[in-house]
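Just passing along the structure, written as structure tokens.
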Amino acid sequence: MLNKCIYIFIIILLSMDINAQDVEGTIVYNRKTDWISIMSRLPFMTQEEIDRNRLTWGKRSGRGRNYNLYLKGNKSVYTYGENDSESGWSWKSEEYVLVRDHKSKKATDAREFLGKKYVIKDEMPKYKWKILNDIKEIEGYLCMKAETKDPIKGQTIHAWFTDGINFFGGPEGFSGLPGMILEIVVNESDVVISATSIDFEQADVKLPIPKKMKGKEIDFAVFDNKVKDFIDQSIEGERNPFWRIRY
């Protein structure tokens, strides 16, 4: 029965118009980080250090942090929601606004890296997705599982997406699947970004696009090289790079 449901779901997805996007609303995602799991993947960490940190901090730190994905027409904006920081303290948020035009396939991101602000203007990143034979329900929507790789951070990423929302984007700038991504899981459970609220009843969604984005203008290739170099140098110096950059 499960295989039959998966087969029907794939047929529906393949028959969808990949360019059809007429959605207006807001999706709230909660992003949780398992810092002990992240530490355990670092090649220089000993089991004794991992166990000591697990006793000190527990399996998962904090309640997670909320992010909002605003949708209108063919455009989307992903940025911070209104809440406390992941650890429970109110830390200063670094610049993080991801603007996508899904019709022109253009991205304009305001990001911060090691204290410096950047504006990334480029084509939307393309992901090589593999659709898997798993389904589950998220916030009332039947979702299917897909997998891709992040070669910059060495991560395996799983996405749960639904054809019930006719928009082909998702949190953290992920896109390219035939439906809305409602959950992202990085390296099994190091980071879990899951939809907790879906509202399409709003009369007029305002996309929170900054009037002026401040920072050095670069493309994704340059930004990714900066990230990869910092990760490589940090690990070589036996430091956890993800204390300072987004995992």
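Values quoted throughout were computed directly from the atomic coordinates according to the rules given, and no laboratory measurement underlies them. The shown structure was predicted, so the numbers you read here are calculated from the model rather than taken from an experiment. Methodologically, a virtual Cβ is constructed for each residue, glycine included, from the backbone with ideal geometry; neighbour enumeration extends over all protein chains shown.
Residues with beta-carbon under 9 Å from that of LEU132, excluding LEU132: net charge, scoring Lys, Arg +1 and Asp, Glu -1? Show your work: numbers first, answer last.
Working: positive: LYS130, LYS145; negative: ASP134, GLU147.
Residues close to LEU132 contribute a combined charge of 0.
Around PHE44, what is the net charge, scoring Lys/Arg as +1 and Asp/Glu as -1 over all other residues with Cβ under 14 Å from its Cβ? Before the final figure, lay out the partial values.
Working: positive: ARG41, ARG239; negative: GLU48, GLU49, ASP232, GLU236, GLU238.
Net of charged neighbours comes to -3.
Out of LEU114, LEU71, ILE218, whose Cα points farthest toward the positive end of the dipole of the stretch 2-243 (charges: +1 Lys, Arg; -1 Asp, Glu; placed on Cβ)?
Working it through, the farthest residue towards the positive pole turns out to be ILE218.
How big is the charge dipole of the chain about its Cα centre, in debye rounded to the nearest 20, if each Lys and Arg gets +1 on its Cβ and each Asp and Glu gets -1 on its Cβ? Mind showing how you got there, number by number?
On the way: 38 positive and 37 negative charges, 109 e Å.
Here the chain has a charge dipole of around 520 debye.
To continue, here is another question. Which value in deg cm²/dmol, rounded to the nearest 500, describes the helix-derived mean residue ellipticity at 222 nm for the chain, given -39,500 (n - 2.57) per DSSP H run of n ≥ 4 and division by the residue count? Please list the in-between numbers first.
Values: 4 runs with 48 residues, N = 247.
Result for the chain, helices only: -6000 deg cm²/dmol.
Further question: The stretch 65-192: Rg/Rh from Cα coordinates, Kirkwood Rh?
Working: Rg = 15.0 Å, Rh = 15.7 Å.
Ratio of gyration radius to Kirkwood radius: 0.96.
Starting from the Cα gyration tensor of the stretch 149-190, multiply each eigenvalue by 5, take the square root, and state the resulting semi-axes largest first in whole Å. The partial results should precede the final answer.
On the way: eigenvalues 83, 21, 10 Å².
They are 20, 10, 7 Å, listed largest first.
From zero outward in steps of 10 Å, how is the percent of C-alpha pairs of the stretch 157-227 spread across the bins?
16, 33, 36, 14, 0
Report the semi-axes of the equivalent ellipsoid for the chain in whole Å, largest first, where each axis is √(5λ) for an eigenvalue λ of the Cα gyration tensor.
Details: eigenvalues 173, 106, 64 Å².
For the chain, the ellipsoid semi-axes come out as 29, 23, 18 Å.
How do TYR96, TYR29, TYR67 rank when sorted from fewest to most other Cβ atoms within 10 Å of their own Cβ?
Values: TYR96 15, TYR29 25, TYR67 20.
Lowest count first: TYR96, TYR67, TYR29.
Hey, another quick one. Give me the net charge of ALA195's neighbourhood, meaning all other residues with Cβ under 12 Å from the Cβ of ALA195; Lys, Arg count +1, Asp, Glu -1.
Working: positive: ARG31; negative: GLU137, GLU139, GLU183, ASP199.
So the environment of ALA195 carries a net charge of -3.
Here's another thing I want to ask about it. Given Cα pairs under 8 Å that are at least 6 residues apart, what percent is the relative contact order of the stretch 2-243?
Working: 490 pairs, mean separation 54.1, N = 242.
Relative contact order of the stretch 2-243: 22 percent.
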